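Undergrad: Could you have a look at this structure, given as structure tokens, before my questions?
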Ligand SMILES: NC(=O)c1ccc[n+]([C@@H]2O[C@H](COP(=O)([O-])OP(=O)(O)OC[C@H]3O[C@@H](n4cnc5c(N)ncnc54)[C@H](O)[C@@H]3O)[C@@H](O)[C@H]2O)c1
């Protein structure tokens, strides 16, 4: 019997580096996983692999979010855990960013997280858990990643505190994980010399792995963290203390 047997979990950004590792870890613990991402091919393939429900969702579209959430909720009857990985990065400096890109980063990272939480909460029974994904950049201002990304992740961190207060009377917990530099396709957006310097920024002297983030999600998704809400888990190898 897994730690999430009989639980339904919805993961956005599910086919990305951290998302796919987490989907596999959740399924291995017995969860039925709603695999939500914007790319149909990857979404269907991963859902098939773990026996989950494919949900082709663009988190910036209220209609798309509602359709995906309603599909999973009507199929499974409830959603016990929501994990919001969907995100994009713009590594440029603040004087290089254009207004459209600034808005796009906030649309996906902040508005998308809010839309997903708002749509899922009505389907969550007491005891449910929401895990949002901030970033070390949202605490430190971003060193390699750009200003819009860092500001958007600071917004996700603060939003999670509002969310935790809103959801607590319903018996729902909400916490945020702030990863440091993790080895995923997102790092491909940075110049090679920037990626090469990333391990040296961490006290542990290396990049993190997607499965180390998946382990943190499992902790926040289960009753192992039953007295935690509105909290931040900094999983960064000591790159920001
Ligand atoms: N990799 C890192 O070092 C790092 C560090 C800190 C925080 N993060 C955050 O962790 C999360 C996961 O990142 P990752 O490293 O796995 O990146 P990734 O690029 O591998 O995955 C991101 C996923 O989000 C999906 N996505 C993008 N826009 C979407 C949209 N509009 N609707 C639905 N899905 C969409 C992509 O298709 C992709 O599968 C992101 O929020 C990212 O900002 C990453």
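Undergrad: Which three lengths, in whole Å and largest first, does the chain cover when its Cα atoms are put on their principal axes?
TA: Here the Cα extents, ordered largest to smallest, are 47, 36, 36 Å.
Undergrad: So, one more: Projected area of the stretch 29-155, taken from the Cα convex hull and averaged over every viewing direction, in nm²? If you can, show how the numbers build up before the last one.
TA: Values: hull surface 34.7 nm².
Directional mean of the projected Cα hull area for the stretch 29-155 stands at 8.7 nm².
Undergrad: Treating the angle as unsigned and between 0 and 90°, give the value, to the nearest 10°, between the Cα long axis of helix 147-167 and the longest Cα principal axis of the chain.
TA: 30 degrees
Undergrad: How big is the gap, in Å, between the Cα center of the stretch 13-40 and the Cα center of the stretch 177-223?
TA: After rounding, the separation between the Cα centres reads 17 Å.
Undergrad: Given Cα pairs under 8 Å that are at least 6 residues apart, what percent is the relative contact order of the chain? List each step's numbers first, then the result.
TA: Details: 511 pairs, mean separation 46.8, N = 241.
With pairs under 8 Å counted, the relative contact order is 19 percent.
Undergrad: Run the numbers for residue 41 and residue 211: contour at 0.36 nm per residue of separation, minus the present Cα-Cα distance, in nm.
TA: On the way: separation 170, 0.36 × 170 = 61.20 nm, distance 2.27 nm.
Extending this stretch completely gives an extra 58.9 nm.
Undergrad: Of 25, 140, 174, which has the largest mean-square fluctuation in a 10 Å C-alpha GNM of the chain?
TA: Looking only at 25, 140, 174, the largest GNM fluctuation is found for 140.
Undergrad: Going by average Cβ density within 10 Å per residue, which order do the peptides 146-156, 200-210 take, highest to lowest? Provide the component values of the computation, followed by the final result.
TA: Values: 146-156: 22.7, 200-210: 15.5.
Sorting 146-156, 200-210 by mean packing, highest first, produces 146-156, 200-210.
Undergrad: Below 8 Å between Cα atoms, with a sequence gap of 6+, how large is the relative contact order for the stretch 77-201 in percent? It would help to have the intermediate numbers written out before the result.
TA: Details: 193 pairs, mean separation 37.7, N = 125.
So the answer I get is 30 percent.
Undergrad: Compute the Rg to Rh ratio over the stretch 15-59 from the alpha carbon atoms, using the Kirkwood formula for Rh, and round to two decimal places.
TA: Numbers: Rg = 9.3 Å, Rh = 10.1 Å.
The Rg/Rh ratio comes out at 0.92.
Undergrad: Something else now. With contacts defined as alpha carbon pairs under 8 Å and 6 or more residues apart, what's the relative contact order of the stretch 1-126 in percent? Can you show the working numbers first?
TA: On the way: 214 pairs, mean separation 31.6, N = 126.
In percent, rounded to a whole number, it is 25.
Undergrad: Compute the helix-to-body angle for 40-50: its Cα long axis versus the longest principal axis of the chain, expressed 0 to 90° and rounded to tens.
TA: Compared with the principal axis, the helix lies near 60 degrees.
Undergrad: Still on this structure, please answer the following. What is the list of residues in the stretch 66-102 whose amide nitrogen lies under 11 Å from a point 7 angstrom out from the Cα of residue 170, following Cα to Cβ?
TA: Hits in the stretch 66-102 for residue 170 at 11 Å: 79.
Undergrad: While we're looking at this one, here's another question. Taking a quarter of the surface of the convex hull around the Cα atoms of the stretch 46-118, what do you get in nm²?
TA: Details: hull surface 23.6 nm².
The Cα convex hull of the stretch 46-118, projected and averaged over all directions, gives 5.9 nm².
Undergrad: Hey, fewest Cβ within 10 Å first, where do 82, 46 land in order?
TA: Values: 82 29, 46 23.
Taking fewest neighbouring Cβ atoms as first place, the list is 46, 82.
Undergrad: Mind pulling the angle between the C-alpha long axis of helix 62-76 and the longest principal axis of the chain? Nearest 10 degrees, somewhere in 0 to 90.
TA: 40 degrees
Here, each number is a calculation from the coordinates, and none is a lab measurement. It should be emphasised that the depicted structure is a prediction, and the values quoted were computed from it without experimental measurement. Glycine gets a Cβ as well: all are built from the backbone with ideal geometry, and neighbour counts include every protein chain shown.
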